[in-house]
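Working notes, structure below.
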Amino acid sequence: MLQQEKIVKPVNTGLMGLGTVGGGTFNVLARNAAEITRRVGREIRVTHVAARQYDPDSLSSLEGIRVTDDAFQVVNDPQVEIVIELIGGCEPARELVLQAIANGKHVVTANKALIAKHGNEIFAAAHDKGVMVAFEAAVAGGIPIIKAIREGLAANQIEWIAGIINGTGNFILTEMRDKGRDFADVLKEAQQLGYAEADPTFDVEGIDAAHKLAILASIAFGIPLQFDKVFTEGISRITREDVNYAEELGYRIKHLGITRKVEKGIEMRVHPTLIPERRLIANVDGVMNAVLVQGDAVGPTLYYGAGAGAEPTASAVVADLVDVARVLTVDPENRVPHLAFQADAMTDTTVLGMDDVETAYYLRLQASDQPGVLADITSILGDQQISIEAIIQKEPGEGATDVTIIMLTHRVAERNMNDAIVKIEALGAITNDVIRIRVESLGH
Ligand code: HSE
């Protein structure tokens, strides 16, 4: 009888942050309360909220909820069993999460920067305390990609993952391509829609995607989180010209996070990438995210959905809450491990530097229209073992003397390409920096 009463008792949660994701989570929990209770077998109740600023008109009723502007009150309140961290940023989120763990509370967070940079410390603390830290919403918004890789694909050796994992960046690239819109103008709209990070350079310079990629690599390969080893290049240098030339060649430019296990180690990289337009992932537009996972047994699987926004992200936060609430009483050793592999079975496989990564390349060169230039360029590429797959030379524009040369190469180590580019740029006839975009076929 006592046992039965314990099981039906509501689970008390403390929600920290009522911004875009916090507000969305609060509203989804209220709107779908009955359905969520049917799923968990217990009510999930928000008993505490910590927020500095919020708009009560955009929220379901706060009646009966203890509201404070001091998040430490939430993590230190003995009544709270699960802390939902939706403040974002590393501090004070890290301190709050560690304090919650020290107090024996479970944590649900959407904070990718926090997990990517401090996850090793946080998971070690959680492991020692026997509490859960769930972070589904940290990667690809509403797509349940953590659950898919950690549980659904647990039979597989993951070979590689390639994902569009920043909604803002994808929205900008799509609007530039489809409507010829200006970069800054689209970014402003993404901010108004609540997609962009507080600091939007995180979106356009690839840092947000690198946070997410570091997490994906860990759960795919059972390695510690190593955000500082992710090669990161954003979309700010992509021009409409390159988007058009890529299309002429049958490619789309997407900003991808890629992690791959090769013989020498593990690649972790985020950069604009040409992908064949016939691939499904090449047609993922707007704020939508998609993650393509190649497993040795299952082959390729593709996960698609909204990568940002209030309720799509709330969908992942609430799913984590449901998961945590369902297994509160399970012996910690029998829960799904935080990073997919048992904590004592993580490996220290080398993460490859970018010099050792092999990809194909798109090159755009600007050259004076004179004899022998192309021969010089191809000879430099040949010396570096770089084989050319396609080459297009554009007529000079009206009154111009320069020609644009577009090349696609076969796969080669980045080290060779870097050396070749330095030598090509030193040619007298080359009038601009060489534009280089990596190319992936994403074939299976
Ligand atoms: N700024 C992020 C994006 C939000 O645009 O994808 C979701 O993590």
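The values are calculated or read from the model by the stated rules, or taken from the named source; none is laboratory data. Just so we're clear, the structure is a prediction, and the values are computed from it rather than from any experiment. Here Cβ is always computed from backbone atoms with ideal geometry, including for glycine, and neighbour counts include all displayed protein chains. SASA here: full protein model, heavy atoms, side chains in, ligands and nucleic acids out. Shrake-Rupley method; radii C 1.70, N 1.55, O 1.52, S 1.80 Å.
A Förster radius of 30 Å combined with the Cβ-Cβ distance from Glu95 to Gln191 puts the calculated FRET efficiency at roughly 0.65. Springs between Cα atoms under 10 Å define the GNM used for the chain, and in it the highest mean-square fluctuation of Arg279, Arg260, Arg38 occurs at Arg38. By the rule of a C-alpha distance below 27 Å, with chain neighbours fewer than 8 residues away ignored, the lysines paired with Lys188 are Lys112, Lys179, Lys212, Lys254. Entry note, the chain: relative contact order of 16 percent, from Cα contacts under 8 Å with a spacing of 6+ residues. Sites listed here are GluC sites (Glu not before Pro) in region 243-345 whose DSSP assignment is loop and whose Cβ has at most 16 other Cβ atoms within 10 Å: Glu263, Glu277. Estimated translational diffusion coefficient (Stokes-Einstein, Kirkwood radius over Cα pairs, 37 °C, 0.692 mPa s) of the chain: 141 µm² per second.
Farthest toward the positive end of the dipole of the chain, out of Ala282, Thr174, Gly64, is the Cα of Gly64, where the dipole comes from beta carbon charges about the Cα centre. In the elastic network of the chain, a GNM with C-alpha springs shorter than 10 Å, the most mobile of Ala297, Ala154, Ala126 is Ala297. Per residue, the solvent-accessible area of region 145-306 (1.4 Å probe, heavy atoms of protein chains only, all protein chains present) comes to 37 Å².
Per DSSP helix of 4 or more residues, -39500 (n - 2.57); summed, then divided by the residues of the chain. What does that give at 222 nm, rounded to the nearest 500?
On the way: 14 runs with 151 residues, N = 444.
For the chain, the value works out to -10000 deg cm²/dmol.
Counting charges near Gln370 (Lys, Arg +1; Asp, Glu -1) among other residues having Cβ under 12 Å from its Cβ returns a value of -3. Each Lys and Arg contributes +1 and each Asp and Glu -1, all at the Cβ; summed about the Cα centre of region 357-439, the dipole is approximately 260 debye.
For the chain, return all DSSP H helices satisfying: extent of Cα atoms along own axis at least 18 Å; mean Kyte-Doolittle hydropathy at least 0.0. Can you show the working numbers first?
Numbers: long enough: 112-129 (23 Å, -0.24); 207-221 (21 Å, 1.43); 310-326 (24 Å, 0.68).
Answer set is 207-221, 310-326.
Within the listed set Asn120, Asn12, Asn418, the Gaussian network model of the chain (springs between alpha-carbon atoms below 10 Å) gives the highest mean-square fluctuation for Asn418. The string of couplings for region 194-204 from the Karplus curve (6.51, -1.76, 1.60, θ = phi - 60°) is x, 8, 7, 5, 3, 9, x, 5, 4, 6, 7 Hz, one whole number per residue in order, with x for Gly and Pro. Taking the protein heavy atoms of region 357-439 in the context of the full set of protein chains, the accessible area attributed to carbon and sulfur is 45 percent at 1.4 Å.
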